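The values are calculated or read from the model by the stated rules, or taken from the named source; none is laboratory data. Fair warning: this is a prediction, and the values are worked out from it, not measured in the lab. Because the Cβ atoms are built from the backbone with ideal geometry, glycine has one as well, and the counts that use them run over all protein chains shown.
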Ligand code: XMP
């Protein structure tokens, strides 16, 4: 295991991601972790970057005992300045922020075996990505400079006799093309970590762990949505404990066309998962009646979900002979990192979670089989477990569903219009081979009426907005600019002709920010 001590950089999770690509197991902990309380002995330690200045009063620092572990250490950006800070000197505010590409020259003439391992398969000069304000103005005690850029005489530093390295740039981002090689050299050649992490091993171990955790008579419940995370999590539980896992799907009446049926077919027929679908659409729509404020709608949908789920779970709890102590959640690694990573005084913690609030009331413990995985790994696991490709690669669909894609008040008439329009758009996206090029697409129904003409008649009807975006992490997004004019004409004419109540179709050309992906 490689230990990553996180100083809160936006890139920290990428370090774990890169190590995983090398099949090396890594754990990320906050930089303030007490070394004596580490739950494992790492083969090496990486200090991440971070948004602070080491000389600030409130700047975070590592437990100095980390140096007594006597394992190789790599400091990245802030992590390098932290090395310098703890070793006597030399950090100052840069005159200007350095952000963007730079060329590094390796300048060590040292024949040291450790240095050679660090630079194995690296050319003398390579491109890197810089993103920092502070820089070293002198070498810390015992260190030498082994790489320079035009602006940084200390772009890479190394301890003269111990395996401790500091780099000013970010090897974990793809803008440093040979960054993965550097991380590989550090983890495999210098730390001698074993590249033994594989999805097959992972899932076998996880299934055994779950079997041990759940008593032989006991049951587990979990909510499924039809999305990839909850489906893969449910399939893992099915493999581990068979019919003692109960999946519950709440049909909130805000699903897409035939959605409940499709989920039933996938989970029950194809994957053999024990599934109960509850039609609670009346309950949801009643509570939404007359409500048009987006936040109020979200709250109502979230609370009603919890209420319905608990009621159904209670019913199942009463009919099973064994105990039900666990609730399945499809938590992924980025959520875990989000909650453990180091938070300074200026940062807020994300609070929203789909089924947050369930636990306090139900007194259930969490079981999270995907908590070590990134999204794309969940997809490979899904394929490994025999889940259909089209489901594994499905676009995400938000919990509040069409409730936040029908702007303003939601009712059955509006739902019918939104459903039909969305179905036409997505069907044509699939037919024209666009689906895999887009991260998410949908049709939204705007809360306005516009004038049109049909035959000799003036019409006064509703407006559909099409949205399609591309993104790597949904934090920012671009509108998709790859549709052909012919495609847009076809979708527009199909929607106006086939969906009663619509006479106009718009295409949303807003990126995030300033817009969001969803319209409410
Ligand atoms: P926004 O609109 O915030 O969307 O730019 C980013 C991503 O998050 C999804 N989303 C949600 N997912 N519950 C969910 O499960 C929600 O309340 C929710 N709101 C937005 C959205 O579909 C997009 O993928």
Open item on the list: Pairs needed: first member in the range 292-317, away from the ligand (no atom under 15 Å from the Cβ); second member anywhere, part of a helix (DSSP H, G or I); C-beta distance under 8 Å; at least 6 residues apart or different chains.
Closed with: 308/283; 310/358; 310/361; 310/362; 313/362
Open item on the list: I'm trying to understand the selection: among the residues of the range 294-324, which are over 13 Å from residue 250 (Cβ atoms), touching a helix residue (DSSP H, G or I) at 6+ places or on another chain (Cβ under 8 Å) and either at pLDDT 85 or above or assigned to a helix (DSSP H, G or I) (or both)?
Closed with: 294, 297, 298, 300, 324
- [ ] Give 204, 229 a once-over and let me know the one that is within 30 Å of residue 4 (Cα to Cα), surrounded by fewer than 19 Cβ atoms within 10 Å (Cβ to Cβ) and under 25 Å from the mean Cα position of the chain (by Cα).
- [x] 204
Open item on the list: Looking at residue 481 and the list (1) farther than 30 Å from residue 290 by Cβ; (2) within 16 Å of the ligand (Cβ to nearest atom), which single condition is not satisfied?
Closed with: (2)
Task: Residue tally, condition in contact with a strand residue (DSSP E or B) (Cβ under 6 Å, 6 or more places away or on another chain) and part of a loop (DSSP other than H, G, I, E, B), over the range 185-213 - done: 2
Task: Every residue from the range 172-184 that is assigned to a loop (DSSP other than H, G, I, E, B), surrounded by fewer than 24 Cβ atoms within 10 Å (Cβ to Cβ) and in contact with a helix residue (DSSP H, G or I) (Cβ under 7 Å, 6 or more places away or on another chain) - done: 173
- [ ] Could you please let me know if residue 504 is buried (at least 17 other Cβ atoms within 10 Å of the Cβ), in contact (Cβ under 8 Å) with a residue 24 or more places away in the chain, in a strand (DSSP E or B) and more than 16 Å from the ligand (Cβ to nearest atom)?
- [x] yes
Task: Residue list for the range 96-121, filter: surrounded by 13 or more Cβ atoms within 10 Å (Cβ to Cβ) and out of contact with any strand residue (DSSP E or B) (no Cβ under 7 Å at 6 or more places or on another chain) - done: 110, 112, 114, 116, 117, 120
Task: Test: residue in the range 137-153 that is in a strand (DSSP E or B) and under 19 Å from residue 14 (Cβ atoms) - done: no
